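Written below as structure tokens is the structure these notes are about.
The values are calculated or read from the model by the stated rules, or taken from the named source; none is laboratory data. For clarity, every value in this text was computed on a predicted model and none was experimentally measured. Cβ sites come from the backbone with ideal geometry, for glycine too, and all protein chains shown count toward neighbours. For accessibility, only protein heavy atoms count, side chains too; no ligands or nucleic acids. Shrake-Rupley method; radii C 1.70, N 1.55, O 1.52, S 1.80 Å.
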Amino acid sequence: DYKQAGHIVDDEVHDVLVRGLPKGVRLTSIMDCCHSESILDLPYTYTVTGDLQIIETSKNEGIATLVGAGTRFLLDGNKTKAITSIKEGMKHLMSSASGGNSAAREKAIKTRSTEADVIQFSGCRDSQTSADAQIGGQATGAMSYALITSLKKSKNQNYTHLLKEMRQLLNGKYTQVPCMSAGRKLVLDDTFAI
């Protein structure tokens, strides 16, 4: 379990599920779980307006360092090492929040881009939790419900419209913000396909 082996980090998830997928393969991942925005560690994240945002390596490194610091402290109780790691993790996060640098962007694109069509819908941003819900008498994840409802409403939506529709369904009911990311640049006017 995680107390002995540590947390599963996004680098490991990327290496197991994404890295090495060949051209022509399509992976559509639906991760309706807490802190899931960068769970597949993909280099391209899209906003509701369809604008492209590059997720910089320094943000992911910061998150991984902070999780590791907490785990280290729980396992060995070494406060000094944990504090050093927390400071380093915060430094990475602060540099990504202020726009980071083009070298980090280039590294993310170079090391995390894919030949395959890899699309990820996540339940929320990395800083958020993903809600469980009771809708129509059934237990479901709020984002899963929004995705299914959006696809039932219109089967021929482009990527931007689908993400926008999902966010509108949750707006005012839940604080989470569903996210979409990809292993390479998407043509956002193309019809969404699983």
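Quick notes
- Selection status of Ala139, farther than 29 Å from Asp15 by Cβ and at pLDDT 90 or above: yes
- Pair list, Cβ under 8 Å, 6 or more apart: region 163-188 residue crowded, with 21+ Cβ neighbours inside 10 Å, other residue assigned to a helix (DSSP H, G or I) and among the hydroxyl-bearing types (Ser, Thr, Tyr): Met166/Ser150; Met180/Tyr159
- Just one of the numbered conditions (1) in contact with an Asp or Glu (Cβ under 9 Å, 6 or more places away or on another chain); (2) closer than 15 Å to Glu37 by Cα is not true of Leu186: (2).
- For region 111-140, the set of residues classified as surrounded by fewer than 21 Cβ atoms within 10 Å (Cβ to Cβ) and assigned to a strand (DSSP E or B) consists of Asp117, Asp132, Ala133, Gln134, Ile135, Gln138, Ala139, Thr140, listed by residue number.
- Number of the exception - Gln4 against (1) closer than 23 Å to Thr175 by Cα; (2) open to solvent by 20 Å² or more (accessible area, probe 1.4 Å): (1)
- Any hit, region 43-63, residues being outside any loop (DSSP other than H, G, I, E, B), at pLDDT below 90, closer than 30 Å to Asp132 by Cβ and open to solvent by 80 Å² or more (accessible area, probe 1.4 Å): yes
- Listed by first and then second residue, the pairs with beta-carbon distance under 9 Å, at least 6 apart or on different chains, first residue in region 1-25 and over 17 Å from Gln120 (Cβ atoms) and of a type outside the set (D, E, K, R), second assigned to a helix (DSSP H, G or I) and open to solvent by 50 Å² or more (accessible area, probe 1.4 Å), are Gln4/Leu75; Gly6/Val67; Gly6/Arg72; Gly6/Leu75; His7/Val67.
- Yes/no for Ser113 being at pLDDT 90 or above and closer than 17 Å to Thr47 by Cα: no
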